[in-house]
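Here is the structure we will look at, set down as structure tokens.
The values are calculated or read from the model by the stated rules, or taken from the named source; none is laboratory data. Here the structure is a predicted model, which means the values were calculated and not measured. Every residue, glycine as well, gets a Cβ built from its backbone with ideal geometry; the counts of neighbours run over all protein chains shown. All accessible areas refer to the heavy atoms of the entire protein, side chains included, with ligands and DNA or RNA removed. Shrake-Rupley method; radii C 1.70, N 1.55, O 1.52, S 1.80 Å.
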Amino acid sequence: EGNPYTWWVGKANEKHHYWGGSGPGIQKCACGIERNCTDPKYYCNCDADYKQWKKDTGMLSYKEHLPVSQVVVGDVDRPGSEAKVSVGPVRCQGDRNYWNAASFVTSSSYLHFSTFQGETSADISFYFKTSASDGVFLENLGNTDFIKLELKSATEVSFSFDVGNGPVEIVVRSPNQLNDDQWHRVNAERNVKQASLQVDQLPLEVRKAPTEGHTRLELYSQLYVGAAGGQRGFLGCIRSLRMNGVTLDLEERAKVTPGVKPGCSGHCTSYGMYCANGGKCVEKYNGYSCDCSKTAYDGPFCIKDVGAFFEEGMWLRYNFHSPGTSMKDLVSRTLLSSTDPEITGPDLNLSKEELSFSFSTTKSPCVLLYISSYTQDFMAVLVKPDGNLQIRYSLGGTKEPYNIDIDHRNMANGQPHTVNITRNGRDIILQIDHYPPASYSLPAASDIQFNSPKALFLGKVIEIGKIDQDIYKYNTPGFTGCLSRVQFNQIAPLKAALRPTNASSHVHIQGELVESNCGASPLTIPPMSAATDPWHLDSGFTAISTSIFISLFTASADFPYNGQAIGDGVNRNSAIIGGVIAVVIFTILCTLVFLIRYMFRHKGTYHTNEAKGAESAESADAAIMNNDPNFTETIDESKKEWLI
């Protein structure tokens, strides 16, 4: 049905269903493009489902989607079904000077190079980024001749020169601001016939050269990039400056020039959006990087899940205070609001918290996550015996914990699910998978402070003191499955356990923790009510469904809208009447078809208009010629040739 079992995840954390040798939007492999797949009914060799190994391979070359961060392979849980996946290295090719840049930090700073040799032709291109409204990009002077490129205003770029016939200026005016701290490209050309200037994708401005006069540009001074001759210089970044095909090394010259810095700060302004999931963009010498230290993710763009598989009986505890910290020291610190990266515990009294994680399991009941305290306060996320999810808050002020039950779907189905919980005072926002967020509110009698948080548990609760009775029951034998991207405020306990960080000393593990990405992101399913959801499980409903929603139903299946689901019977009667009418109409149509076929059934007779004299003619053509006296004239007429 076109729903793929397998995909890969690229740069922007998007799923892609095309493979090596194919292209974006084409759900095919190379053999599907070349029409030589093992089974012509499919567009990939691996779709043939043969008992022998089949292979699909090729290069992924669409740069905007690279690099590959994940490959998700499904349909391998059948007996005898296997898959092997290998991803080769990223290979980059192109101009290494593309990011050769310099930052001009004062209006009087400049770089100087040898005289520009552009007597009969000049081809100049570069990128700039600035928040200033004007400034000189570059200038080279002669006795009277000159060439200059400048930002005249926030919307104008000027290219001016003089080859001895008087100054010539070409101006490109942009409908948008050019001092928006974004990269803009300038391309200026001049030869003996014409000169042109283009900025970004704006229309090219062209000026014809005079038919008579001087044509050679004679320059003697050094080439100045930035301020020169007492003019207001350029404030901002210039990169990839090419003059007649030669890239000027701005970075090397900037290293020994006051007021100019090598590289260009501000990459994060243009590319910081790629640091996902709360990752912080960090400026670097000639680029940027993503700091994922305060997220539950990893990788160059903070999009790689950090997760682990928990076997039965395993558990992880993250202590909110460092080992050896006394209660007195703990009381004297405010941990959650601290910006110190070595302090990773939460505040003593939380009035708000954010919790997010992903999990997959087939066993219930179990404890997914539990946050204990030095008081009786706690927070827990549980899977109940029927597979439904429950969030439990106990903040004091009430006899029983406040429970949020997600009763309309089974979460212990082996599929990955995400949970996002945000509490601010009494208000709680809960989002499960890609369903719309739902709002809840703590009871009026409940406290809104989570007092003295102590530790966070994953998989099982091993805590001293009194534990809630239901949690105690769900605690045995423990969680079995996968947990990933676990984050509580700025704490990522699984990442602290699997990656050596300053917070690793806070973690204690029982059992062997095996890293896993838990398979895939959660399924994107449009929300629907239980009454209209054909996959909603009733007590008498049994289903076996795969990841593309192909299901087999047992004989005891009762689909929605059965007789018991309708109270007044009106809709049921309407459905019966409609069915009867449909049967009657179908019967009438069948009868009409039968009668029509009977009425027109008779012995066939036919009549031919044979030419006279056909009996004595040697052929049919001869009979026509003998019978039609005008045939000779027709032949003569047909011999005429017409030229159209």
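Counting only residues that are within 16 Å of GLY20 (Cβ to Cβ) and not in a loop (DSSP other than H, G, I, E, B), which one in the stretch 38-69 is modelled with the highest pLDDT? Going through the qualifying residues, I end up with ASN45. Are any residues in the stretch 449-474 assigned to a helix (DSSP H, G or I) and open to solvent by 30 Å² or more (accessible area, probe 1.4 Å), and if so, which ones? Hits for the stretch 449-474 are GLN469, ASP470, TYR472, LYS473.
For the stretch 16-37, filtered to residues that are at pLDDT 90 or above and touching a helix residue (DSSP H, G or I) at 6+ places or on another chain (Cβ under 6 Å), the residue that is surrounded by the fewest Cβ atoms within 10 Å (Cβ to Cβ) is CYS37. Selection of strands (runs of 3 or more DSSP E) fully inside the stretch 238-319 by the criterion of at least 3 residues being surrounded by fewer than 20 Cβ atoms within 10 Å (Cβ to Cβ) returns 280-284, 287-291. The residue of the stretch 31-78 that is nearest to the chain's Cα centre (by Cα), among those that are among the small types (Gly, Ala, Ser) and within 30 Å of CYS302 (Cβ to Cβ), is SER69.
The sole residue among HIS506, HIS536 that is modelled with pLDDT under 70, more than 29 Å from HIS16 (Cα to Cα) and not acidic (Asp, Glu) is HIS536.
Yes or no: LEU111 within 30 Å of SER221 (Cβ to Cβ) and of a type outside the set (D, E, K, R)?
When the stated conditions are applied, LEU111 passes them.
Number of residues in the stretch 393-404 that are open to solvent by less than 10 Å² (accessible area, probe 1.4 Å) and not in a loop (DSSP other than H, G, I, E, B): the value is 2. Look at the stretch 68-82 and say how many of its residues are polar (S, T, N, Q) and surrounded by 15 or more Cβ atoms within 10 Å (Cβ to Cβ). Residues flagged as polar (S, T, N, Q) and surrounded by 15 or more Cβ atoms within 10 Å (Cβ to Cβ) within the stretch 68-82 amount to 2.
When the stretch 110-152 is limited to residues that are of a type outside the set (A, V, I, L, M, F, W, C) and within 20 Å of LEU204 (Cβ to Cβ), the one that is modelled with the lowest pLDDT turns out to be GLY118.
Determine whether the stretch 425-435 contains at least one residue that is modelled with pLDDT under 90, surrounded by 17 or more Cβ atoms within 10 Å (Cβ to Cβ), more than 31 Å from the chain's Cα centre (by Cα) and of a type in the set (Asp, Glu). No.
Restricting attention to the stretch 102-134 and to residues that are open to solvent by less than 10 Å² (accessible area, probe 1.4 Å) and under 16 Å from ILE170 (Cα atoms), the residue that is nearest to the chain's Cα centre (by Cα) turns out to be ILE124.
Of all residues in the stretch 371-389, exactly one satisfies the criterion of being part of a strand (DSSP E or B), open to solvent by 10 Å² or more (accessible area, probe 1.4 Å) and either of a type in the set (S, T, N, Q) or within 19 Å of MET314 (Cα to Cα) (or both), namely SER373.
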